[in-house]
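Remarks on the structure that follows.
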Amino acid sequence: MNKDSLIVLNKEWQPYLSWFDAKIQPIMSELLSQLNLVLGPIKENAMLNNDWHSGLGEVKQRGRYENLLLSEWLLLDDEPDEFIRRVVSNEHLFLAPMPEEQKSNNTIIAFFDEGILQLGSLRLVHLVMMLLLDRRAKKQNSQFFWGVIQQPARLNVFEGLESLLSLLENRWLSALSNKNIVDWGAYLTDSNFDERWFIGAQITGQTLRPSNIITHCVYIRYQSDDNRKLNIRILEHNRTKSTVIVLPNEIICRKMLAGQLAPNSNYGSLELKTFVPVNISFPPCVSMTSNQIASLTDEANHIILCSFLDALSAKQKCKVNYQSISGSLLVLDFQNKKVIGLITKQSRVYIWQPSKELKEIELEYDHFSTYIEMKYTRFIWIYKNHGQSIYLIDNQNNMWSYDINKQPQDNVYKRLNIDINVLALFKLNDSKFLYIKFDDADKIWLKSPQLRHVNYCLKVSKKEITQILIADEMGWLNGFGVCALAIEQQWQVFKYDNGAQAQIELSVIIPNNWQVFGLYYQNDQLLFLIIHQDRKRIATFNISNSNIDELYYSTSNITQFSFSALAKSFALITENCNLIFYSMVTNSIRATIKTKEITC
């Protein structure tokens, strides 16, 4: 749908669309438009045209011949010429029908099937039908009432967003039964509702069809060959109309079905409180699975480990653990659910893991004295066939690997110097990574110990580079992904164009009041993750059109932040010791961890 069409639709449905979050509004506008075309215009009530009668009354000279007086019909047999003369002269006498007192009140009602055959995305049609029928009733200066067919026969007046949420809360593990039909049939037998709608599943053998009790049926099911499409069939007396609608993306569907409809609502969001504040000077770490984050306590003697359910779970849970450390924490990394770190104590560097410390690594402390101030990733942990490996870059830009055996009782590790002049490490999955280095001519190279095809020279001088990021981790596993190099606010983006079958280079300028700290793909759009210089706003910058879309606003200053491209998530810490966990998968806050106020 083009932009102009969307604007027209938004105006038409604005009273309803204003109830919804900005990301849901275009989806609802499209669904409303599609289904409204199938419903068609509102038919004028037959009662209002006096087509319903309670008998015959006054004698008049005009009327239908089935209402001709009996004495007039007798002339046809006795004096046919006179009968014809009266026809020509309009002299016949008729009994005028007496219009029945109006019984219909233009009210529209609908009862919804919320049973097991209508679970999942089918219920999005229920929400849209609610809005359409309410608008339909308002056009007749009337009201819309609704009910759930699995419940005892009772109607509720439609009350906007509250009714939509109430409908979503109704879930029944039983299918529509004949008893439900009989109960509602008895309830509606003597009703004077103008339109009576059923919305739900069509079940073989059941007789729920348009009749003197029901005027319209809307049957909804998944398209047999594609569950991303819904087949909708509308029955009205002897007429049938059908359409197919395409579902929005999975996250939007889940968000709507979870009741996250209102503006600024967060999908599956948690708010936790803890007595232990986080350290506002140490950056949080996000796992590549997006289900764990780690940070340091304010007193720097414990690591906070937070574990979550999958990002797509509407109802989130969080398990918080505290692990003590006996030294100064330099850096953290995750491998699936496990966390590892480097700590220093007594001028020695140790590999730290929860509840146990591995053998001391023989490195001089001076090599890592400014480690935490480095802007690039300089420490990662990956799996190997024989166990696990740690790769790190020291202050001399030397990259080292430490291979640790699977059997911790062996307490053996192998140290290797992998390369020199290394700037940054980027994890591609749990067993592969690439690194960026510069050669003797200061040209930038991309390499990987595990992927032989990753050996690219970008012909950009290292002296000019102020920041480096990569994206499209899956692309790197098989070819060239995305690499972005910054010279202050000017970015050079290198990517592979599938259409041109070649590597291309894009030039992008970021506004001076924003700083880039992440790069990722979403819905085929390449986006920078940026933070404003006021340290309160996080947003995305679209590389193709330079649009800035704000994701998060903090009322207090953000002191630390980190981004995981694999997890499509970022974590940040504010000056009042709040830890915020945000997912770009759901475009919402997953968790807010606050410090409890201790009162005496």
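I need the phi-derived Karplus couplings for the stretch 581-594: 6.51 cos²θ - 1.76 cosθ + 1.60, θ = phi - 60°, integer Hz, Gly and Pro marked x.
10, 10, 10, 7, 5, 9, 6, 7, 6, 8, 7, 10, 10, 10
As I understand it, the dipole of the stretch 433-546 uses +1 on the Cβ of Lys and Arg and -1 on the Cβ of Asp and Glu, about the Cα centre. Which of Ile468, Pro511, Tyr456 lies farthest toward its positive end?
Ile468
Among 72-84, 521-533, 300-312, what's the highest-first ranking by average C-beta atoms within 10 angstrom per residue?
300-312, 521-533, 72-84
Considering only Gln140, Leu161, Gly115, whose Cα is most displaced toward the positive end of the charge dipole of the stretch 84-178, charges sitting on Cβ of Lys, Arg (+1) and Asp, Glu (-1)?
Gln140
Could you size up the charge dipole of the stretch 444-600 around its Cα centre, putting +1 on the beta carbon of Lys and Arg and -1 on that of Asp and Glu, and report it in debye to the nearest 20?
400 debye
Can you give the extra length, in nm with one decimal, that the chain gains between Gln522 and Lys229 once fully stretched, where that is 0.36 nm per residue apart less the Cα-Cα distance?
103.3 nm
So, in Å, what gap is there between the alpha-carbon centers of the stretch 249-265 and the stretch 456-476?
36 Å
Semi-axes of the stretch 457-500's equivalent ellipsoid from the Cα gyration tensor, sqrt of 5 times each eigenvalue, largest first, rounded to whole Å?
Calculated on Cα positions only, the semi-axes equal 21, 10, 10 Å.
Take peptides 223-236, 279-292 and line them up by average Cβ neighbours within 10 Å, highest first, as a rough protection proxy.
Descending mean neighbour count gives 279-292, 223-236.
Count the net charge of all other residues whose Cβ sits under 15 Å from the Cβ of Val508, scoring Lys and Arg as +1 and Asp and Glu as -1.
Neighbourhood net charge equals -1.
Greater than 27 Å separation of Cα atoms is the criterion. Which listed pairs, Lys427/Lys459; Lys319/Lys384; Lys427/Lys463; Lys463/Lys536; Lys384/Lys462, meet it?
Those over the limit are Lys319/Lys384; Lys463/Lys536; Lys384/Lys462.
In the stretch 420-475, carbon and sulfur make up what percent of the accessible area (probe 1.4 Å)?
Roughly 48 percent of what the probe reaches on the stretch 420-475 is carbon or sulfur.
Just flag the GluC sites (Glu not before Pro) in the stretch 476-569 sitting in loop per DSSP whose Cβ has no more than 12 other Cβ atoms within 10 Å.
Of the GluC sites (Glu not before Pro), the ones in loops of the stretch 476-569 whose Cβ has at most 12 other Cβ atoms within 10 Å are Glu488.
For Asn557 and Tyr222, what does the FRET efficiency come to when R0 = 41 Å and r is the distance between their Cβ atoms, rounded to the nearest 0.05?
That pair, Asn557 with Tyr222, gives E of 0.25.
Quick check on the stretch 462-600: what are the equivalent-ellipsoid semi-axes from the Cα gyration tensor, as sqrt(5λ), descending, whole Å?
31, 17, 12
Around Trp445, under 12 Å between beta carbons, what's the net of Lys plus Arg minus Asp minus Glu among the other residues?
+1
The values are calculated or read from the model by the stated rules, or taken from the named source; none is laboratory data. Please read all numbers here as calculations on a predicted model, not as lab measurements. Using ideal geometry, Cβ is built from the backbone for each residue, glycine included, and neighbour counts are taken over all protein chains shown. Just the protein is used for accessible areas: all its heavy atoms, side chains included, with ligands, DNA and RNA removed. Shrake-Rupley method; radii C 1.70, N 1.55, O 1.52, S 1.80 Å.
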